[in-house]
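The values are calculated or read from the model by the stated rules, or taken from the named source; none is laboratory data. Bear in mind that the values here come from a model prediction, so they are computed numbers and not experimental data. FYI the Cβ positions are ideal-geometry reconstructions off the backbone, even for glycines, and counts take in every protein chain you see. Only protein heavy atoms, including side chains, enter the accessible area calculation; ligands, DNA and RNA are left aside. Shrake-Rupley method; radii C 1.70, N 1.55, O 1.52, S 1.80 Å.
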Amino acid sequence: QVQLVESGGGLVQAGGSLRLSCGASRIIGSVSSMAWFRQAPGKKRELVARIPDSGSTYYAASVKGRFAISRDNAKNTLYLQMNNLKPEDAAVYYCNMFTVAYGALWGQGIQVTVSS
């Protein structure tokens, strides 16, 4: 069974930065789209950023200009650099990958807490 594992979350003050990483527990082969989602308490899971294997990245309006998504295809690793964090960015962040071999994969989620 393939698992995605996120790391890099934690507690940060407003205005601070965090870098999330997501990797697979085993070799997963070709990955088309990779993305970060987040879910705050009482809210629906929302797409934060998406990076395809080619083409333009997508950012939610609320994070554009502050967050940067990137990927390392050789390592099947996904990153999310989060700068100028705001209390409203606090949520559980999930990574997502669409793979040829295994279909859609999800991480277990990692907590990001932003203190004001």
Check your understanding: What tally of residues in the stretch 1-24 results from selecting those that are exposed (fewer than 13 other Cβ atoms within 10 Å of the Cβ) and of a type in the set (A, V, I, L, M)?
Key -> 1
Review point. Does Ala35 qualify as being touching a Leu at 6+ places or on another chain (Cβ under 7 Å) and of a type in the set (A, V, I, L, M)?
Key: yes
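Scanning for something in a loop (DSSP other than H, G, I, E, B), farther than 20 Å from Gly103 by Cα and open to solvent by 60 Å² or more (accessible area, probe 1.4 Å), does the stretch 25-41 turn up at least one residue?
Narrowing the stretch 25-41 to residues in a loop (DSSP other than H, G, I, E, B): 25-30, 40-41.
Right, trim to farther than 20 Å from Gly103 by Cα and you get 40-41.
Okay, now just the ones that are also open to solvent by 60 Å² or more (accessible area, probe 1.4 Å), so 41.
Within the stretch 25-41 (the criterion being in a loop (DSSP other than H, G, I, E, B), farther than 20 Å from Gly103 by Cα and open to solvent by 60 Å² or more (accessible area, probe 1.4 Å)), the answer is yes, since at least one residue qualifies.
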Check your understanding: Being under 19 Å from Val114 (Cβ atoms) and touching a helix residue (DSSP H, G or I) at 6+ places or on another chain (Cβ under 9 Å), is that true of even one residue in the stretch 74-90?
Key -> yes
Practice item. Those residues that are within 13 Å of the chain's Cα centre (by Cα) and either modelled with pLDDT under 95 or basic (Lys, Arg) (or both), I need them from the stretch 53-71; list them, please. Key: Arg71
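Collect the residues in the stretch 91-111 that are over 13 Å from the mean Cα position of the chain (by Cα) and in contact (Cβ under 8 Å) with a residue 24 or more places away in the chain, keeping them in residue-number order.
Matches in the stretch 91-111: Phe98, Thr99, Val100, Ala101, Tyr102.
Which of the residues spanning the stretch 43-99 are of a type in the set (Gly, Ala, Ser) and assigned to a loop (DSSP other than H, G, I, E, B)? Give the steps one after another, and end with the answer.
Filtering the stretch 43-99 down to residues of a type in the set (Gly, Ala, Ser) leaves 49, 54-56, 60-62, 65, 68, 70, 74, 90-91.
Scanning the stretch 43-99 gives Ser54, Gly55, Ser56, Ala60, Ala61, Ser62, Gly65, Ala74, Ala90.
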